[in-house]
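Heads up, the thing below is written out as structure tokens.
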Amino acid sequence: MSNYGNQVILEMARFLRENPSATVNQLAEHMGWAENRSVYYWLNQAGFKGIRDFRKVALDRSFSFSNEDIIREDLEKTYLPIVEQINSPKHYEYAKEDFLCLIKTSTTSFVYRVSNHDWAPFLIPGDLLVVDPEVKPQNQDIFLVWVRGQGTLILKKLADNYFARDP
């Protein structure tokens, strides 16, 4: 497929990742196409049988948003979206690239890119944190906490008796 075709498929996959329940109409509208059949045309060009097939691949993280390997060969290798900013627990701002994670994670996992010096020297801008919301923190684990009303993320370390403290 052409470079343009790859860009089209990558953008469609990104849109579905951010809007998992999006319809073909919404996808066509996002892409700026007047007709739904354009969606099916590009899916066919990329070798997908239909929107269900494509949605499954896009959402199960077996699809890379970079121009590198499209389908993972090893189930332990997963492409996780990189989150630049978390505006609320349900609204993330994604980076243009993905992170190839070599450990098993849940389908809700993502990578958070540290953008400030709030946690220095423990973490510095540019550091990447793999976040798996489905894993229950245990003693000495580091985890992110969203503080309602303050609009900020804080990093905490789980201490004895499940008390959260600064790292």
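Here, each number is a calculation from the coordinates, and none is a lab measurement. Predicted, not measured: the structure shown is a model, and the values here were computed from it. Cβ: placed from backbone, ideal geometry, glycine included. Neighbour counts: every protein chain shown.
So which GluC sites (Glu not before Pro) in region 17-61 end up in coil per DSSP with only 15 or fewer other C-beta atoms within 10 Å?
Glu35
Please compute the modelled spin-label separation between Asp118 and Gln7, points set 7 Å along Cα→Cβ, answer in nm with one decimal.
For the pair Gln7/Asp118, the computed spacing is 3.5 nm.
Going by how many other beta carbons lie within 10 Å of each one, how would you line up Tyr41, Tyr112, Tyr92, Tyr4, fewest first?
Going from least to most buried by this count: Tyr4, Tyr41, Tyr92, Tyr112.
Over what distance in Å are the Cα centres of region 3-65 and region 115-131 separated?
After rounding, the separation between the Cα centres reads 33 Å.
Pull out the extension gain between Tyr41 and Thr23, defined as 0.36 nm times the separation in residues minus the alpha carbon to alpha carbon distance; nm, one decimal.
Taking Tyr41 through Thr23 to full extension adds about 4.9 nm, to one decimal.
Please report, to one decimal in angstroms, the Kirkwood hydrodynamic radius of region 3-59 built from all distinct Cα-Cα pairs.
Kirkwood hydrodynamic radius for region 3-59: 11.0 Å.
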